[in-house]
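Right, one structure below, let's go through it.
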Amino acid sequence: MLVIGGGPAGTTAATLLARKGWKVTLLEKAAHPRFHIGESLLPMNLPILERLGVLEQVRAIGVHKLGADFPLQDEDDNTHVFRFDRAIAPKFGYAFQVKREEFDQLLFRNALANGVDARERTTVEKVEFEDGRPRVVHARDADGNALAFRVRYLVDASGRDTFLATSSSSSARATCTSRRRSSATSPASGAAMARTRATSPSTASTTAGSG
């Protein structure tokens, strides 16, 4: 199993899959901490952070947030205040505002602590497909060394709309649209991905070598 992208979605998916017994490699092109805008968490994120085992760490770096203010249209001096504890059956009546670079680094380190082969400064350059499925991921590390990962399953949590892929049957370059069903800035999307195709970790095959 290989995961592209070391943000909240990628690290969440990688961590949960590793806990299920998968051998998981995670590739992140930048080095943590890296600058990103945000992050305004919502109460629905907290059960996921609790499941990941990082809720108290996020609490330590976050600003306690009890709700949100929404300005009323055409009324400059009035806002509508929504308190999180007024939600239907809330488990958490609060959330946190965090610095995104600190939040991402925390989740990345947690993935490492859970047995994920998490690599920074490793850029994916292309993906080879066989019979319509990703089979070989080509990447390059910080020293310029070429790497090739033979994969059975691939999670694209890069947050990019497209990546360039090379088919095994042709040298032509094709554009493969990443299937992103939810925002990659939220751990919720990583948890959703981690629940897919995670039934037979013993059959996973992920190897690395010179490409």
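Taking the stretch 62-82 as the range and being surrounded by 15 or more Cβ atoms within 10 Å (Cβ to Cβ) and either touching a Lys or Arg at 6+ places or on another chain (Cβ under 6 Å) or of a type in the set (A, V, I, L, M, F, W, C) (or both) as the test, only G67 passes. Residues being touching a strand residue (DSSP E or B) at 6+ places or on another chain (Cβ under 6 Å), of a type outside the set (K, R), touching a residue at least 60 places away in the same chain (Cβ under 8 Å) and under 20 Å from R160 (Cβ atoms) are entirely absent from the stretch 36-50. For H80, the criteria (1) of a type outside the set (A, V, I, L, M); (2) over 17 Å from the mean Cα position of the chain (by Cα); (3) under 30 Å from F149 (Cα atoms) hold in every case but one, which is (3). In the stretch 107-135, of all residues being aliphatic (A, V, I, L, M) and without any contact (Cβ under 8 Å) to a residue 60 or more places away in the chain, the one that is surrounded by the most Cβ atoms within 10 Å (Cβ to Cβ) corresponds to V127. Being among the aromatic types (F, W, Y), in contact with a Leu (Cβ under 9 Å, 6 or more places away or on another chain), surrounded by 17 or more Cβ atoms within 10 Å (Cβ to Cβ) and in a loop (DSSP other than H, G, I, E, B) is a condition met by at least one residue of the stretch 136-158.
For the stretch 34-67, the set of residues classified as closer than 26 Å to V137 by Cβ and modelled with pLDDT of 95 or more consists of L52 only.
The values are calculated or read from the model by the stated rules, or taken from the named source; none is laboratory data. Because the structure is predicted, anything quoted here is derived from the model rather than measured. Virtual Cβ from ideal backbone geometry, glycine too; neighbours counted across all protein chains shown.
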